[in-house]
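A.B. asks: There's a structure below that I have some questions on.
The values are calculated or read from the model by the stated rules, or taken from the named source; none is laboratory data. Not measured: the values here are computed from a predicted model. Here the Cβ positions follow ideal geometry from the backbone for every residue, glycine too, while neighbour counts run over all protein chains shown. Ligands, DNA and RNA are excluded from the accessible area calculation, which covers all protein heavy atoms including side chains. Shrake-Rupley method; radii C 1.70, N 1.55, O 1.52, S 1.80 Å.
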Amino acid sequence: MSVSLCILLITIAGASAGTLPSYISPCSASDNKLDQCIEKVIQSAGPQFADGIPELGIAPLDPLHLGTVVVNSPALKLVFSDTVVTGLRGFRLNSYKINPSKGKATIDFTANVTLKAQYEIDGQVIILPIRGQGPAKIKITNLNIIIKYDFDTKDGHWLITNYKDNYNMDRAQFKFNNLFNGNKALAETTHRFTNENWEIIMQEIAPPAIKGIIKSCVEVVNKFFQGIPARELLLAP
């Protein structure tokens with residue numbers, strides 16, 4: 001999901017030879033099909049960025065380590081620790097648009113992702129009490145994210161100044177081991193209920209997890225921008 005965001009921001013218009021890896025082909029700001037050129041760069045460079053690029057200071061994006069994710073509402077307290085997201089490598093780029101002169105761009109991409117973590121939960125899901133701690137897994141099918149972001153040039157380097165995101169998904173499936181201290185009957189009832197009502201549950205769980213993914217990616221990109229001058233990221237007309 002976020003692999004494509006990171007790739008597009010890093011490779012918005014390619015770079016001069018010797019600065020970025022050979023598998024990133026430069027695009028020109030004067031290209032009347034600039035969006036399509038960048039889309040090809042994103043698609044071809046995806047696997048390399050998913051693995052990480054140590055020489056550029058780019059950490060692996062699949063798996064992506066989020067650390068601690070907290071869901072805290074009046075009815076539910078849920079803490080994920082040692083959180084790891086996989087599946088970003090298989091992202092599908094739907095569209096990409098950029099306006100270099102205004103410093104604005106939009107990306108639309110989709111991925112099937114899995115979140116694994118240690119969890120602690122206590123509270124109520126809709127009308128059902130829930131508590132437990134142990135390993136957890138959430139599988140999200142066709143997670144679609146649209147990100148609109150602004151970028152500026154400061155001291156000769158690009159900087160992401162603002163971004164907004166929207167997302168939706170086709171399905172989410174939950175597995176929380178050791179619910180109710182291992183009570184199988186209660187755990188089965190809870191899993192059946194949560195998976196049948198996944199949309200309502202994800203309204204609480206999804207925002208901190210997905211926004212954590214996007215935030216981590218933007219931080220990586222800004223770190224990259226600090227090391228590469230803007231003039232090398234966009235070939236002049």
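Matching residues to (1) under 17 Å from the mean Cα position of the chain (by Cα); (2) in contact (Cβ under 8 Å) with a residue 24 or more places away in the chain; (3) farther than 30 Å from residue 38 by Cβ:
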residue: 101; (1), (2), (3): no, no, no
residue: 106; (1), (2), (3): yes, yes, no
residue: 114; (1), (2), (3): yes, yes, no
residue: 125; (1), (2), (3): no, yes, yes
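A.B. asks: Oh, and also: On the given criteria, is residue 7 modelled with pLDDT under 85, open to solvent by less than 40 Å² (accessible area, probe 1.4 Å) and in a loop (DSSP other than H, G, I, E, B)?
C.D. replies: no
A.B. asks: Further, regarding this structure: Of 213, 138, which residue is at pLDDT below 85, open to solvent by less than 20 Å² (accessible area, probe 1.4 Å) and either of a type outside the set (Phe, Trp, Tyr) or under 15 Å from the mean Cα position of the chain (by Cα) (or both)?
C.D. replies: 213
A.B. asks: Looking at 79, 85, which one is in contact with a Pro (Cβ under 7 Å, 6 or more places away or on another chain), of a type in the set (Val, Ile, Thr) and surrounded by 17 or more Cβ atoms within 10 Å (Cβ to Cβ)?
C.D. replies: Unique residue meeting the criteria: 85.
A.B. asks: Of the residues 106, 114, only one is modelled with pLDDT under 95 and either polar (S, T, N, Q) or open to solvent by less than 70 Å² (accessible area, probe 1.4 Å) (or both); which?
C.D. replies: Residue meeting the stated conditions: 106.
A.B. asks: Step by step: first the residues of region 147-162, then only those that are of a type in the set (Asp, Glu) and surrounded by 12 or more Cβ atoms within 10 Å (Cβ to Cβ), then the one that is modelled with the highest pLDDT. Which residue is that?
C.D. replies: Filtering region 147-162 down to residues of a type in the set (Asp, Glu) leaves 150, 152, 155.
If we keep only those that are surrounded by 12 or more Cβ atoms within 10 Å (Cβ to Cβ) as well, we get 150, 152.
Numbers: 150: 95, 152: 92.
The residue in question is 150.
A.B. asks: In this structure, is residue 200 in contact with a strand residue (DSSP E or B) (Cβ under 9 Å, 6 or more places away or on another chain), part of a helix (DSSP H, G or I) and among the aliphatic types (A, V, I, L, M)? Walk me through how you get there before you give the answer.
C.D. replies: Values: in contact with a strand residue (DSSP E or B) (Cβ under 9 Å, 6 or more places away or on another chain): yes; part of a helix (DSSP H, G or I): yes; among the aliphatic types (A, V, I, L, M): yes.
Taking the combined requirement at face value, the residue satisfies it.
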